[in-house]
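The values are calculated or read from the model by the stated rules, or taken from the named source; none is laboratory data. Model, not experiment: these values are computed from the prediction. All Cβ positions, glycine included, derive from the backbone under ideal geometry; neighbour counts span all protein chains shown. Surface areas here come from the heavy atoms of the whole protein model, side chains and all, with no ligands, DNA or RNA. Shrake-Rupley method; radii C 1.70, N 1.55, O 1.52, S 1.80 Å.
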Amino acid sequence: MQRLLVALGLAVLLACSGKSIGAQNTPKLIREIPWADSGVWLRADTHVHTTFSDGSSTVEEVVSRAEVNGLDVIAITDHLDRNLKAATPAYFAAIEAARRAHPRMIVLAGAEWNIPPWGGDEHAVVLVPRDAESELGAFKAMFDDLDRNSHEPALADDGLRWLEAHATRADVTPVIVYEHPSRRAEQSLQRAQVLERWLSVNSLVVGFSGAPGHQGKAPFGGYKNEMTIDRWDPVAARVGGAWDSLLQDGHDVWAAYAPSDFHNDAPTDAADLWPGEFSSTWLYSPDRTQAGVLRSLRAGSFFADHGQLVREVRISVSTPGLARAAQAGEVARTAASAAVRVDVRFKPASREANVEEVEVIGITRDGARVVANERPTESAATFSTAAPRGGIVFRARGYYTTSDGARLAFYTNPVRVVTE
Ligand SMILES: [Zn+2]
Ligand SMILES: [Zn+2]
């Protein structure tokens, strides 16, 4: 309370000092998710392959298994290699047929882009509004980087601009996620520079896949140099890694995202886990539509988990005078040194899913560190601090140990607090 009085006193002093920044000191949500109180939870897998590229199952088989496994949303994202059949009329027809056969499911026709300049080595999932899906055919012809004579980073920039111009419908823009970012990286921190370049072109890239798919494989995700940490990519799992470094630089990018990258279920070491079997990205969406899916991915209104351990995870940040607590993806403004409280709440998905530990990571201009590490009580963990000058970004994760000793995690997207 004392801190609150000090903060209020400071606001009054500044307001009276004639510096015209008084109004700025009122705590306020400066980026708000309009459906923060009225959304619906959708369980999604937005990175899956079929026989239209190198998968072994048909679109119908994949969508029906996704539905049986309890997903609400599935995006078919076959590789855009020009010698394969993604983004062809037959592809869109198969996806349309699956929509008719599974009316409860939201099925997106997306694609996995071999993003320039790495030939086929680096991938990004591209998702577009429903009536812009057929544009992916032209996009593939012009901007996929596999089997080109030369490989130029500028082609990725051109592709991002082209997609924004040709695949935006009303106010719904395409969403791009950098998949398995550290799969071939010497140092996952380099991925921050890659993302920064794309973000300098436009805002289509919303972030990273915080966890790779191929979770049935060893090593997880097929990683070669930098290995996953508790099955998550080091861009997200390493405190101070690529994600935190971007957040520190003021980029609001998301990585609480865990797809299956399902290819096949052959009973070998290469077998994948099916959509909905292990990895989930939970979207808090304005509605049950494809546009809602894209809006929530763009807004950062989602979390992800492995092993179906939790539901309805919310990180919320409150400060005295703020109309309501800020949620994942939102930005709140308050005075430096104002009291700030972080709450992480969740619902255990089953009695066995006993979350043992919740960590809050705080990112300031001095760097990133774990600011709280707690055993949650009644499915919640709370942490209080004072807003440092220069602001702070909070993100959270929780851990759970399976009966066979594996450590599984859920991750939230960040909430940013700026101070003026
Ligand atoms: Zn890939
Ligand atoms: Zn893939």
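Brief remarks on what is shown
- Alpha-carbon geometry of the chain: the Rg and the Dmax are 21.4, 72 Å, given in that order.
- Region 348-381: trypsin sites (Lys or Arg not before Pro) in DSSP loop, at most 12 other beta carbons within 10 Å: ARG351, ARG365
- Protection proxy ranking, peptides 407-415, 28-36, average beta carbon neighbours within 10 Å, highest first: 407-415, 28-36
- Taking 0.36 nm per residue of separation and subtracting the Cα-Cα distance, full extension of the segment from ALA323 to ASP157 would add 55.8 nm.
- Per residue value of the accessible surface for region 24-137 (all protein chains in place, 1.4 Å probe), Å²: 36 Å²
- With a simple spin-label model that places each label point 7 Å from the Cα along the Cα-to-Cβ direction, the separation between ALA380 and ALA336 comes to 3.2 nm.
- Computed lengthening from ASP147 to TYR399, 0.36 nm per intervening residue step minus Cα-Cα distance: 86.5 nm
- Residues in region 146-186 reached by a label modelled at ASP121 [backbone nitrogen below 19 Å; 7 Å Cα→Cβ]: 146-157, 178-186
- Between LYS224 and ARG197, the simple label model (points 7 Å from Cα in the Cβ direction) yields a spacing of 1.8 nm.
- Per residue, region 220-303 exposes 30 Å² of solvent-accessible protein surface, assessed with a 1.4 angstrom probe and all protein chains in place.
- Of all accessible heavy-atom area on the chain, the percent that carbon and sulfur account for (1.4 Å): 50 percent
- Computed from label points 7 Å out along Cα-Cβ, the spacing between ARG369 and GLU420 is 2.9 nm.
- Over the chain, dividing the summed -39,500 (n - 2.57) contributions of all DSSP H runs of at least 4 residues by the number of residues returns a 222 nm mean residue ellipticity of -6500 deg cm²/dmol.
- Across region 272-281, rounded Karplus estimates of 3J(HN,Hα) from the backbone phi angles (6.51 cos²θ - 1.76 cosθ + 1.60, θ = phi - 60°) give 9, 7, 5, x, x, 7, 9, 9, 9, 10 Hz, Gly and Pro being marked x.
- Evaluated at q = 0.22 Å⁻¹: base-10 log I(q)/I(0), Debye formula over Cα of region 107-147: -0.67
- For the pair HIS251 and VAL40, the difference between a 0.36 nm per residue extended length and the Cα-Cα distance amounts to 73.3 nm.
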